[in-house]
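See below for the structure under consideration.
What follows draws every value from the coordinates through simple rules; no lab data is involved. These numbers were taken from a predicted model, which means no experiment stands behind them. Backbone-built Cβ (ideal geometry, glycine too); neighbour counts: all protein chains shown.
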Amino acid sequence: MCRQTSFDPDSEEAVLATFVVLSVFTLAFFHVEGAGDTLNAVDASFCHGGLEVIYPELDVRECLIIPKERKLREKLSTAWKAPQVSYSEAEEKKTYVLTMVDPDAPRRANPTSAYWRHWLVVNIQGHALRSGCIQGTTLTDYHPPTPPQASGLHRYQFMLFEQPPNTRVSLIDKESSRGKWDLQAFITRFDLGEPVATVQFLTKNYND
């Protein structure tokens, strides 16, 4: 049988208990903030339009940081192939361009290799995109997120553009390297305009 005891908020025990609870809460709060695993306002606002990126154990529908639990960071870098991509608002008779880039290569504080092009697919059929398939022309094969060790969080950004009718989208010779890709010049060259939908996730090297 449990014994019930009264609680006096002015007693020394109550004051001590309150102090301990507040101290634990404060330490936990600063531990989370200090870990850098909380999205800032800029990163959280990047995503819009309902683009969905689907890996075997990960469904990215909004901006998020990939947790270390369940070895998700390791699977992203070493095991999983190109994800499924779905856009329910795609118009059946239109075609689209999908880019996946890392603007933080080799590290966010000094992104000398940005944009790093991880994936580029053009001529994507709208009817297929609605059902989570990418039927199009791959100009850059998918390369998984592989942030260097001790380089902090990297953003991996997926951007979907409407492809203008009768436009042949291609890469030029100087864009043969994945690194230092001038994304804005590419967008301007083919009159892609603003992306109709975007999503991103942030992750670190899985050994960090």
**Request:** Rank by packing, highest mean first: peptides 111-124, 141-154, 175-188, with packing defined as the count of other Cβ atoms within 10 Å averaged across residues.
**Result:** 111-124, 141-154, 175-188
**Message:** Give me P(r) over region 109-148, computed from all C-alpha to C-alpha distances, binned every 5 Å, as integer percentages.
**Reply:** 6, 20, 20, 19, 14, 10, 8, 3
**Message:** Based on alpha-carbon centroids, what's the gap between region 75-154 and region 174-208 in Å, whole number please?
**Reply:** 8
**Complete:** Sequence order, region 154-171: Karplus ³J(HN,Hα) from phi using 6.51 cos²θ - 1.76 cosθ + 1.60, θ = phi - 60°, Hz rounded, Gly and Pro as x, gives 10, 8, 10, 10, 9, 10, 10, 10, 6, 8, x, x, 6, 10, 9, 8, 8, 9
**Message:** Give me Cys63, Cys133 sorted ascending by neighbouring Cβ count inside 10 Å, so fewest comes first.
**Reply:** Cys133, Cys63
**Item:** GluC sites (Glu not before Pro) within region 70-173, DSSP loop, no more than 10 other Cβ atoms inside 10 Å
**Value:** Glu92
**Prompt:** More than 23 Å apart: what percent of Cα pairs in region 39-203 qualify?
**Reply:** 36
**Asked** Can you flag which of Lys81/Lys180; Lys75/Lys204; Lys71/Lys204; Lys68/Lys204 are past 20 Å Cα-Cα?
**Response** Lys81/Lys180
